[in-house]
Amino acid sequence: MPDVSSGGLPRPLTSFIGRERELAQARRLLAGSCLVTLTGPGGSGKTRLGIALAAEVAGDYPDGVFFVPLAPVRDPDLVPSTIAQSLGLQDARNRPLMEHLVSQLRDRQMLLVLDNFEHLLAGAPAVARLLRETSALRILASSRSPLRVSGEQECPVPPLAVPDPGTRPTPGALAACESVRLFAERAAAVAPDFTLDQQNAAAIAQIARRLDGLPLAIELAAARVKLLSPEAILGRLEHSLRLLTGGGRDLPDRQQTLRATIAWSHDLLTEGPGGSSPRARYSPEAPAWRRSRPSATTRWTSACRCSTAWPNWSTRA
């Protein structure tokens, strides 16, 4: 196995805003659990939080931290081979892949970051086997739904804090709010002369609340500052999600517009875990967890357990 201990994580090109409490909680859970799953709706920042956490704890894993991107994978049976590929393992022609993978990881003090597991839940037993048959492996997963295997510790990823509607939105007061800081930094990236000031503070506070602190939505809205004032952005958000487009060209397609992120969630509901059809999922013979249709919630209290739950503004598109 290649001796790579620190080169397995993507390097984010934008600043990481806030999340001190979530980082501390996830780090504590990872110290006591072999599998921690960051859960939440699309666009809530699970991947970014996972990368930040993995970078923070990298020194605890002498055999390395490895990032395994699962979004492009469509077949749950390919989870083991995708992990092996990310680790740089060569094929073992004379033995099954899982046996080979377990033998290579058995005594390794290693962290695997399995990113975007939600559409591959049928592959979760392979993850459980890896954990059962290794002594020091830790796995940090991100998924819109928990993997539901033994030993899993779920860690919900909430939205960013939004301004208190009862507080006067002054620039000084808003500067400490995570969602406003994210908007301001991403706006300044596309419009260098942008500043949070007394004139736009109220509109930016309302944008953050209107988008319920969802990081992806805030970033997409901030990208429009080059063409529209915060007041104009807020006005358009009252009527449609069509404004929330124009994500970075280096991002996955599902993160380039908010509609694409919602569509990804819809496809997961349509296909079901491992590609099951709606008929199979809701038939009387199906297991109970497949028959129960996830409800579209208007707040975030149940969002972390529902892969298609969205804040209330999604229904106004």
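The values are calculated or read from the model by the stated rules, or taken from the named source; none is laboratory data. Just so it is clear, the model here is predicted, and its values are computed rather than measured. Heads up, the Cβs are rebuilt from the backbone with ideal geometry, glycines too, and the neighbour counts pull from every protein chain shown.
Of note:
- Across the range 84-97, the qualifying residues are those that are small (Gly, Ala, Ser) and assigned to a loop (DSSP other than H, G, I, E, B), and the one among them that is surrounded by the fewest Cβ atoms within 10 Å (Cβ to Cβ) is GLY88.
- Evaluating PRO169 against the criteria (1) assigned to a loop (DSSP other than H, G, I, E, B); (2) farther than 18 Å from VAL113 by Cα; (3) modelled with pLDDT of 95 or more leaves one unmet condition, (3).
- So VAL4, is it of a type in the set (A, V, I, L, M), at pLDDT 90 or above and either in contact with a strand residue (DSSP E or B) (Cβ under 9 Å, 6 or more places away or on another chain) or more than 12 Å from LEU140 (Cβ to Cβ) (or both): no
- Subset of the range 168-227 (residues that are hydroxyl-bearing (Ser, Thr, Tyr) and buried (at least 19 other Cβ atoms within 10 Å of the Cβ)): SER179
- Each residue in the range 65-80 was checked for being modelled with pLDDT of 95 or more and either part of a helix (DSSP H, G or I) or of a type in the set (Gly, Ala, Ser) (or both), and 5 of them qualify.
- Scanning the range 151-165 turns up one or more residues that are among the aliphatic types (A, V, I, L, M), buried (at least 22 other Cβ atoms within 10 Å of the Cβ) and closer than 30 Å to ALA126 by Cβ.
- Exactly one residue out of ALA173, ALA217, ALA201 is without any contact (Cβ under 8 Å) to a residue 24 or more places away in the chain and within 21 Å of ALA161 (Cβ to Cβ), and it is ALA173.
- Scanning the range 15-44 for residues that are in contact with a Gly (Cβ under 6 Å, 6 or more places away or on another chain) and assigned to a loop (DSSP other than H, G, I, E, B) gives a single hit, CYS34.
- Annotation note: of PRO62, PRO12, the sole residue that is in a loop (DSSP other than H, G, I, E, B) and within 21 Å of LEU182 (Cα to Cα) is PRO12.
- When residues of the range 98-122 are limited to those that are within 18 Å of the chain's Cα centre (by Cα) and not in a helix (DSSP H, G or I), the one surrounded by the fewest Cβ atoms within 10 Å (Cβ to Cβ): ASP115
- Inclusion of THR47 among residues that are assigned to a helix (DSSP H, G or I), polar (S, T, N, Q), within 30 Å of ASP212 (Cβ to Cβ) and in the same structural domain as ARG132 (by TED's automatic domain parsing) is warranted.
- Hits in the range 215-237 - residues which are aliphatic (A, V, I, L, M) and either under 14 Å from CYS177 (Cβ atoms) or assigned to a helix (DSSP H, G or I) (or both): LEU216, ALA217, ILE218, LEU220, ALA221, ALA222, ALA223, VAL225, ALA232, ILE233, LEU234, LEU237
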